[in-house]
Amino acid sequence: MSSDAKLRVAVLLSGSGTNLQAIIDRTESGELDIDIVGIVSDNPDAFGLERARRAGLRTAVVEFASFANRDEFDIELENTLANLEPDLVVLAGYMRILATPVVNAYEGRMLNIHPSLLPEYPGLDTYRRVLEAGDEWHGTTVHYVIPELDSGPAILQYRIRIRPDDTEDRLRERLQNGEYLIYSRVIDWIASNRLHLRDGTVVLDGMELDAPVTEDEIS
Ligand code: GRF
């Protein structure tokens, strides 16, 4: 990317796309100075695609069922992404595990947001699992993507204190409001050249992070 060009961001999603919407809204308001170059979904019915179309963004569907095998799907996904020439790939509710070659192709240039305080609770159903465990805190993590699922260097975490009357739905609503804040913030750090991955270590404003930056919900 030349120094005066905007960061080219591609978004991968499978579902409702509320995180995408938050990124679109902040880009349209000028808060995020990026170029959203395309939205790719594995699910043709994802509402996130509709959000993208309404915003006038380029969309593509790479659906697993349309391919004879996993390799063909992976190649098409990698080519679709490559055609968008992204500087940064943002996973926003993308529900497929990416093949190692595509992850490696975007090493240090691919982000995910996962609804837990990683390394705790990788995988699905984090809201149910924290409630069942009786935890005091839940949270969400923006991290660089590596081939292992829901791993990779953590950058920023948003934490909420679990209340006695919390349900999965209430937790999700509070946590997702935090996601909209922190995902855009991390993208902004990258767009403004403040954040890098250097030899597997997160570097923010020239400082190596030995733990993610944290922000707590204001209650
Ligand atoms: C987010 O809550 C994120 O934590 C998880 O998937 C969800 C996607 O939601 N990875 P949406 O599609 O952005 O509404």
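The values are calculated or read from the model by the stated rules, or taken from the named source; none is laboratory data. As the structure is a prediction and not an experimental result, all values here were calculated from the model. Please note: Cβ atoms are built from the backbone with ideal geometry, for glycine as well, and neighbour counts cover all protein chains shown.
In the range 1-35, which residue that is among the charged types (D, E, K, R) and part of a helix (DSSP H, G or I) is surrounded by the most Cβ atoms within 10 Å (Cβ to Cβ)?
Across the range 1-35, the extreme among qualifying residues is 26.
Exactly one of (1) away from the ligand (no atom under 14 Å from the Cβ); (2) touching a helix residue (DSSP H, G or I) at 6+ places or on another chain (Cβ under 8 Å); (3) within 27 Å of residue 200 (Cβ to Cβ); (4) of a type in the set (S, T, N, Q) is unmet by residue 19. Its number?
(1)
Scan the range 71-98 and report the pairs whose first residue is among the aromatic types (Phe, Trp, Tyr) and surrounded by fewer than 21 Cβ atoms within 10 Å (Cβ to Cβ) and whose second residue is assigned to a loop (DSSP other than H, G, I, E, B) and modelled with pLDDT of 95 or more, with Cβ atoms within less than 8 Å and a gap of 6+ or a chain change.
Partner pairs satisfying both residue conditions: 73/62; 73/67.
Residues in the range 54-69 that are over 18 Å from residue 34 (Cβ atoms) and either under 20 Å from the mean Cα position of the chain (by Cα) or assigned to a strand (DSSP E or B) (or both): how many?
Total satisfying the criteria: 4.
Can you tell which of 168, 148 is out of contact with any His (no Cβ under 9 Å at 6 or more places or on another chain), touching a residue at least 24 places away in the same chain (Cβ under 8 Å) and closer than 26 Å to residue 96 by Cβ?
Answer to the selection: 168.
Working carefully through the options 139, 178, 123, find the one that is of a type in the set (Gly, Ala, Ser), at pLDDT 95 or above and part of a loop (DSSP other than H, G, I, E, B).
123
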